[in-house]
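Please read the structure below before turning to the comments.
Every read-out reported here was derived from the displayed coordinates using simple, explicitly stated rules and does not represent laboratory data. Since the model is a prediction, treat every value here as computed from it, not as a measurement. Cβ placement follows ideal geometry from the backbone for every residue including glycine, while neighbour counts extend to all protein chains displayed.
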Amino acid sequence: MSITNELFNTVLRHASQEVSRKEFLSLAGRGLAVGVATSTLASCQDKSSAASAATTPTTGTPASQVDGSTIYTAPGGLQVPSSEAASPPAKVPADLSKPIELEAWKSDVDPQSGPVPTPLPPDKRVGYALVGLGHLTLEELLPAFGECKKSKPVALVSGSPEKLKKVAQQYGIKPDSCYSYQDYDKLKDNPEVQVIYIVLPNSMHAEYTIRGAQAGKHILCEKPMANSAAECEAMIAACKKANKKLMIAYRIQYEPYNRQVKEMVRGNKFGKPKYIEAQNSQSSANPDHWRHKKDLAGGGALPDIGLYCLNTSRFVLGTEPTEVFAYSHSTPGNPLFKEVEEAMSWQMRFPEGVIVNCITHYNTHDSRFYRVNTERGWLHLDNAYAYTGQQLQTSHAEGPAKMKTQVVLSEKNQFAAEMDHFSECVLENKEPHTPGEEGLQDQRIMEAIYQSAREGRPVKLQPVQGTDAFRGPEPKQA
Ligand code: NAD
């Protein structure tokens, strides 16, 4: 047997953990040129090409022995140390869904890395059609597919042929998978599309969800789910009738820091939660934008950004509010707030006396945080509702000391996590964690908030028993 074949067989045995590290390194080091092991591993199916690639360098000079050390002469003449390429022991399950387990080296003094990613091969990923090529789609969603492991963009829907052409080229979408709004229903004839992701102005969510389900596709719909509870109910019914899944894109419920807060609060880390303060504010300047038109947006700051305070409080606590009391404001004469509210401040009563105070504003500098105040401490999440940059601080007392802790987690693209969760639901026929019912409940609460602000009195809500009453199973990898 040639040394290359012997090494090849050793690599295979090593991959299946039949050889020791010592045995492997000794074989790999028998005078073979740099790169043979990795070339062999990479080209397991083609032994002969791996062997010839390994022994025929295309640039530079092969390694040579000088004074006992191995030297490689790079193109241009520089001599650099040459190390024997080798693959240390690793567990490599054949099952693509199981992570490769690499040789460990970190001590438990430092945070441990998560498992090696297990991306699905491109042909096994769930195909998405993105409807609406505005800020969210172009700035966040399409780039996020680069971090997805189970989802891929395969079709686009837009009113702009120029945008369609350019974006399709940028993301490798086939020209015949680009549709105008008039051609939207033709998505039903595109077998590559399994999910339609609706990223349109709020008033269009209901129609495009219903038509999408009728076209035989699963629906991921942006928040707020719609402009009324009645529309939400119609969307849920249409998806049920078509036997298609419906998920609302509550990215925060898939974001690691918010999930960490939820775990700590639900586990009574610092005693029971007592009250939450939540704020989501930003500033806008274009009165012609759909966000400032009541019929397109449904409302102002509340459904657009205040919704994060509402939905995240429900998510962190797990229970449902029983009563709301609200106050809204729009500066007279400001064209931005002619049709929709500038600010909404509201209080929600939750079971066991938990109080949640929220404020959302369309006319202040960007500010997005919440603090959960508990019996024996607090958890404060800054940039809580932002796309990145979450900062979690906790506080509790230990003897004479106030212990403030900064909790640092690996950031994760929320949009990728959210889309991959929905893809997993499609692939494994599971209920989404944030189904249509979750969006409907928020819509019902927002309607009560508007009613309270209008009438200047508290409004009672239908009591809901238990926890996570409107959520599906927990996401697998959030
Ligand atoms: P945008 O204005 O940037 O894009 C909306 C797109 O809708 C436009 O590009 C256009 O192609 C299309 N459109 C079709 N008919 C239209 C009409 N009559 N008027 C205006 N646009 C029309 O808006 P966006 O910020 O991308 O928001 C889209 C949706 O995504 C909204 O429902 C919004 O609430 C939601 N959103 C969610 C997040 C999040 O973090 N999950 C963030 C931003 C927006």
Out of all the residues in the range 130-143, is one or more closer than 17 Å to Cys425 by Cα and in contact with a Leu (Cβ under 9 Å, 6 or more places away or on another chain)?
-> no
Pairing a residue in the range 234-248 that is closer than 13 Å to Gly212 by Cβ with any residue that is among the small types (Gly, Ala, Ser), where Cβ atoms lie under 6 Å and the two sit 6 or more apart in sequence or on different chains, gives Met235/Ala206; Met235/Gly436; Ala238/Ala213; Cys239/Ala213; Ala242/Ala213; Lys244/Ala213; Leu246/Gly436
Within the set of pairs 6+ apart or on separate chains, which have a first residue in the range 173-201 that is closer than 12 Å to Arg211 by Cα, a second that is more than 16 Å from the ligand (Cβ to nearest atom), and C-beta atoms under 7 Å apart?
-> Asp185/Ala215; Leu187/Val193; Leu187/Ala215; Leu187/Lys217; Lys188/Ala215; Lys188/Gly216; Ile196/Lys217
From Ala206, Ala213, Ala237, Ala230, residue being more than 13 Å from the ligand (Cβ to nearest atom), buried (at least 21 other Cβ atoms within 10 Å of the Cβ) and assigned to a helix (DSSP H, G or I) | Ala213
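Would you mind stating whether Phe415 is outside any strand (DSSP E or B), among the aromatic types (Phe, Trp, Tyr) and either touching a residue at least 60 places away in the same chain (Cβ under 8 Å) or on the phi > 0 side of the Ramachandran plot (or both)?
Working: outside any strand (DSSP E or B): yes; among the aromatic types (Phe, Trp, Tyr): yes; either touching a residue at least 60 places away in the same chain (Cβ under 8 Å) or on the phi > 0 side of the Ramachandran plot (or both): yes.
So Phe415 fits the description; yes.
Mind listing just one residue for me: the one in the range 359-392 that is in a strand (DSSP E or B) and among the acidic types (Asp, Glu) and, of those, farthest from the ligand (Cβ to nearest atom)? Before the answer, list the steps.
Step one: filter the range 359-392 for residues in a strand (DSSP E or B), giving 359-361, 363-374, 377-382, 391-392.
Pick out the ones that are also among the acidic types (Asp, Glu) and you get 366, 382.
Values: Asp366: 13, Asp382: 17 Å.
The residue in question is Asp382.
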Selection over the range 162-196 where residues are closer than 18 Å to Gly216 by Cα, assigned to a helix (DSSP H, G or I) and within 14 Å of the ligand (Cβ to nearest atom) yields a count of 1
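Could you please find all residues in the range 114-127 being in contact with a Lys or Arg (Cβ under 7 Å, 6 or more places away or on another chain) and either part of a loop (DSSP other than H, G, I, E, B) or surrounded by 10 or more Cβ atoms within 10 Å (Cβ to Cβ) (or both)?
Hits for the range 114-127 are Pro117, Thr118, Pro119, Leu120, Arg125, Val126, Gly127.
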Residue in the range 243-261 that is nearest to Gln414 (Cα to Cα), counting only those that are outside any loop (DSSP other than H, G, I, E, B) and hydrophobic (A, V, I, L, M, F, W, C) | Ile252
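Matching residues to (1) of a type in the set (Phe, Trp, Tyr); (2) touching a Lys or Arg at 6+ places or on another chain (Cβ under 8 Å); (3) at negative phi:
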| residue | (1), (2), (3) |
| --- | --- |
| Gln170 | no, no, yes |
| Lys174 | no, no, yes |
| Tyr179 | yes, yes, yes |
| Gln182 | no, no, yes |
| Asp185 | no, yes, yes |
| Asp189 | no, no, yes |
| Val193 | no, yes, yes |
| Ile198 | no, no, yes |
Among the candidates Ser423, Ser410, residue that is small (Gly, Ala, Ser), more than 16 Å from the ligand (Cβ to nearest atom) and in a loop (DSSP other than H, G, I, E, B) | Ser410
